[in-house]
Amino acid sequence: AMITLYNVPVSSYGAKVRIILRHKGLDWTELAPPDGYGSPAYRAIIASGTVPAIIDGDLNLADSEAIAEYLDEAHPDPAMMPSGIGARARAREISRFHDTRLEPVLRSYFAQVAPATRDADIIASNAHLLQDRIDQLAVIASPAPLMTGEDLAIADCGFVASFAILALLQDILDLPVTLPADLAAYGAALAAHPSVSEEDDRYRAVLADWASAKIEG
C-alpha cells in the first residue's frame, strides 16, 4: 500500500521526510492534518497531533527521526546510515544535534519575522546562541562532502530546511551569523544532490511565501 504522509508545506521536518521518501524512490500521498495539526480529528489518527507523521499499512508513526529510521529499515536500498558501529553512532549524534540543539534555535526566530512582533534584544541574543550552535556543529561534523561521506544519509536531511531557514533569517533580520567555510561547502553540496535539489527549491519557495504573508500582516 502507498505510504500516507501527513504534513504541512512549511514544516522543516516534513521536508526531511519528503527527501527520504524521494531518495528511496517510494510512492506516497500527502495529506494535510484534518482541522489542522493538534486538532481532535487529527489526534484521532496520530495521537501526538504533530507533523510529519506517516501511515504505512497498519503502522501510524510520528516524529521525523523515528520515521526516517523506520523507512531506512523497511526500505534498505539505498541505505541511509553508514556501516560500522562508530560511524552510525556519529551519524545519530549529528542528526540529534540538529533536531534538539540547532533547529529549535532557528525556529525560535519565527515569531520575529513579522515586524509587529520583533524584539531586537531577542534577535541579538539568539544570534549569539545560534552562532555557538553552528560552531559546535563545525567541531562535531566533518562533511566529506556530506555528513557521512559521499552518500546522502539521514544525518543530512534535516539540514536542508534549516539552511533555507537560516538564509531567510539572514536576509529578513540581517542576522550576524555566518557558516564556517566547511559547513558552507557542505550546504552547497547538499542542495545540489539529485534527491535534494527539487525539495530544496520547493521548501525555499514555500518558506518565502510564508514569510511574505507574515511581513505583510
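Here are a few things to note about the model shown:
- Positive dipole terminus of the stretch 83-162, leading residue within Thr117, Thr100, Val139 (C-beta point charges): Thr100
- Bridge type composition, the chain - antiparallel percent by DSSP, nearest 5: 65
- For the stretch 53-79 and the stretch 130-147, distance of Cα centres in Å: 26
- Kyte-Doolittle mean at least -0.5 and Cα axial length at least 27 Å: DSSP H helices in the chain: 120-140, 154-173
- Applying the criteria of a DSSP loop state and at most 15 other Cβ atoms within 10 Å to the trypsin sites (Lys or Arg not before Pro) of the stretch 1-63 yields no site.
- GNM remark for the chain: springs join alpha carbons under 10 Å apart, and the peak mean-square fluctuation among Ile19, Ile85, Ile123 falls on Ile85.
- Looking at the stretch 1-94, the DSSP beta bridges with both ends there are about 65 percent antiparallel.
Every number in this text was worked out from the coordinates using simple rules, so none of it is lab data. These numbers were taken from a predicted model, which means no experiment stands behind them. Here the Cβ is made from the backbone with ideal geometry for all residues, glycine too, and neighbour counts use every protein chain on show.
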